[in-house]
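Trainee: What follows is a structure written as structure tokens; I'll ask about it next.
The values are calculated or read from the model by the stated rules, or taken from the named source; none is laboratory data. For clarity, every value in this text was computed on a predicted model and none was experimentally measured. Don't worry about glycine lacking a Cβ; one is built from the backbone with ideal geometry, like all the others, and counts go over all protein chains shown. Accessible surface is based on the protein model in full, side chains and every heavy atom, while ligands, DNA and RNA are left aside. Shrake-Rupley method; radii C 1.70, N 1.55, O 1.52, S 1.80 Å.
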Amino acid sequence: MAHHSHHQDAADFLPADPITAVPAPETFSKDLEVGKATTEHVENASINEKGEHDRDIQYDNADDATKPRTGLRKLLRRNPSMDFMREVAEANETELDPYEVKRVERKIYWLIVPALFIDYIFYYVDKTTLSYAALFDFKTDLHLKGADYNNLSSIFYIGWLVWAIPGNLLLAKFPLAKYLSINIALWGVFLMVQASSKDYGDMVAFRFVSGMFEAVADPCFVAITGMWFTRRQQPTVIGYWYAGNGVGIALGGLIGYGIGHIGGSLASWRYEFLIIGAVCTLWAVVMGILIPDAPHTARWLNRREAVVTMSRKRHDYHTVEKRQLKWDQVWETVKDIKTYLYFFLGFFANVPNGATSNFGTLVIKGFGFSTLNVTLLQIPYGTFIALMILAAIYVNHKTHHLNIRTLLMAGVTCLTVLGFALMAWTKAIAPRLIGYYLTGSSNAVFVLALSLVSGNVGGTTKKVLASAAIFLGVAVGNIVGPYSFLTKEAPTYHTGIIVCMCSRAAEIFVILALRFCFTIPNKKRDKRFAEGDESCNPDVQVFVDLTDKQNLHFRYVA
């Protein structure tokens, strides 16, 4: 994608300080805040109004033009006005000032990334609370026997599966950040409710509902990242918030250790569900207030900054987000082979995840460590995961121009295969523990996998469904994984570890198949453009909600 190299480093690996990154030109005296009084802060312009210079923009949003924006419609207002679209189209015809772009990007970084990072810590701690509870008399208190614990691990993802498609279709309809906040609040509430479980039946019901509300989390995070950041920045940004996973593991270990020492009237594991659930619910309220739903409705950006936010994405084949459901895109998603490859990518990546997130602590305990030391050994594991993610997104950032993201993913997956092999076939504690830590590299692969979905799918509805496909795979993998860990093989779980290793090996084949699906259409479109077909010109941006197949200007990141 070498054809648009002009300030493509507008936000480099870290949000640069605009003052040091781009010296302010003498002519650049317009303070971005000046326009605040004159332009409306949040967009209120009605779609019917036309400016005096009537620019021709194809804009398929008739449903919004006729209804007045009042009451609930004003609160849930989701689509940008015609005026805003026109301003973005005008900005796209000019060269943006790199200094101004940096200022806006820095603001967006600090607004969005830390919030998603905190969300992801909760998201991980929330899912693994069960494995920490298992270390503290949880199984005896609820009279669990046989495969009951495996069922509790899996029922969570069955809830997730049930709600994945409806939940994600609603995601295409409602304002993103508000929708996410409501779901996070509900996770927290149901985590607290789990503390009241009297027996296995209660726990099954509560875990099922908890799983439902977590089904929309990852697709929401990916959609928010795709909306605010350029394709070049997306893997890096996804890496930053996904590193919350590693922090969540390390913190989960510390929190587990701390809660294990509460000498209250309730069992330790009940405190764990109560405390984590309460903090999670509080955070959801903060999140709902802080994070804007879209650039054109952001209270923290003035009108010019919102336009710059969208215009700097002009080479991403990413139009201004319109929250609507289009059935032709649903049908295309069903017919697209990549949808099924995304599903298998999620599946093979998560058979081992479902197993290790619920049995990892028990496997380490089997090495002969005490319960509290097991929780502490999760800290280096979490740290290693966070460092691997940062290393992978850094290498990806540096090799962006080579278009080898899928090859990088396949390479890192080989490390996880090695990790499971060490766990399965070595006897000493040190190589087995190193093997266990190495399996954490898979998180770095998944970060890049998510960026493939956010950057390579065009069309709002198709993007939401492709995202749902990878996470359906995630759910099914997490359901299947724990059952390969046979109770009679505790604490070594030899079969389970070999199943995990084979699953990782299969993941490498899926990644390489996806690479072919990306590079072949790119070559065809490049060839047509070279022969003079302007409909394949990669430098053209359209303002219609088109999919990657319909829009021949689109090029895939491979």
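Trainee: Mind checking which residues of the stretch 517-538 are loosely packed, with under 13 Cβ neighbours inside 10 Å and either under 24 Å from MET409 (Cα atoms) or within 27 Å of the chain's Cα centre (by Cα) (or both)? Walk me through it before giving the result.
Mentor: First, the residues of the stretch 517-538 that are loosely packed, with under 13 Cβ neighbours inside 10 Å: 520, 523-524, 527, 530-535.
If the condition is that a residue be loosely packed, with under 13 Cβ neighbours inside 10 Å and either under 24 Å from MET409 (Cα atoms) or within 27 Å of the chain's Cα centre (by Cα) (or both), then ILE520, LYS523 are the ones that fit.
Trainee: Further question on the same structure: Under the condition of being modelled with pLDDT of 85 or more and assigned to a helix (DSSP H, G or I), which residue from the stretch 247-268 is most open to solvent (accessible area, probe 1.4 Å)?
Mentor: VAL247
Trainee: What are the pairs with Cβ atoms under 8 angstrom where one residue, in the stretch 400-419, is on the phi > 0 side of the Ramachandran plot and the other, located anywhere, is not in a helix (DSSP H, G or I)? Sequence gap at least six, or different chains.
Mentor: Hits for this filter: ASN403/MET1; ASN403/VAL557; ASN403/ALA558.
Trainee: Here's something else I'd like to know. All but one of (1) open to solvent by less than 10 Å² (accessible area, probe 1.4 Å); (2) at pLDDT 90 or above; (3) not aromatic (Phe, Trp, Tyr) hold for ILE118, so report the exception by its number.
Mentor: ILE118 satisfies all of (1) open to solvent by less than 10 Å² (accessible area, probe 1.4 Å); (2) at pLDDT 90 or above; (3) not aromatic (Phe, Trp, Tyr) except (1).
Trainee: For the list (1) in contact (Cβ under 8 Å) with a residue 24 or more places away in the chain; (2) open to solvent by less than 10 Å² (accessible area, probe 1.4 Å); (3) touching a helix residue (DSSP H, G or I) at 6+ places or on another chain (Cβ under 6 Å), I need the number of the one condition that VAL499 fails.
Mentor: Here VAL499 clears every test but (2).
Trainee: Looking at the stretch 365-373, can you tell me whether even one residue there is part of a helix (DSSP H, G or I) and either open to solvent by less than 30 Å² (accessible area, probe 1.4 Å) or more than 30 Å from THR129 (Cβ to Cβ) (or both)?
Mentor: no
Trainee: Within the stretch 151-180, can you find the residues that are of a type in the set (S, T, N, Q) and open to solvent by 10 Å² or more (accessible area, probe 1.4 Å)?
Mentor: Keep residues of the stretch 151-180 that are of a type in the set (S, T, N, Q), which gives 151, 153-154, 168.
ASN151, the sole residue that qualifies.
Trainee: Also, I was wondering about something else. Cβ-Cβ under 7 Å, sequence separation 6+ or interchain: first residue in the stretch 134-153 and within 14 Å of TYR483 (Cα to Cα), partner in a helix (DSSP H, G or I) and polar (S, T, N, Q). Which pairs?
Mentor: Short answer, once both residue conditions are applied: GLY146/THR487; ALA147/THR487; SER153/ASN358.
Trainee: Could you pull out the residue among ALA490, ALA468 that is small (Gly, Ala, Ser), open to solvent by 20 Å² or more (accessible area, probe 1.4 Å) and over 20 Å from VAL395 (Cβ atoms)? Talk me through it step by step, then tell me what you get.
Mentor: Values: ALA468 fails: open to solvent by 20 Å² or more (accessible area, probe 1.4 Å).
On inspection, the qualifying residue turns out to be ALA490.
Trainee: Okay, next question. For SER181, indicate whether it is in the same structural domain as PRO292 (by the TED database), modelled with pLDDT of 85 or more, in contact with a helix residue (DSSP H, G or I) (Cβ under 6 Å, 6 or more places away or on another chain) and not in a helix (DSSP H, G or I). Working first, answer last.
Mentor: Details: in the same structural domain as PRO292 (by the TED database): yes; modelled with pLDDT of 85 or more: yes; in contact with a helix residue (DSSP H, G or I) (Cβ under 6 Å, 6 or more places away or on another chain): yes; not in a helix (DSSP H, G or I): no.
In short, no.
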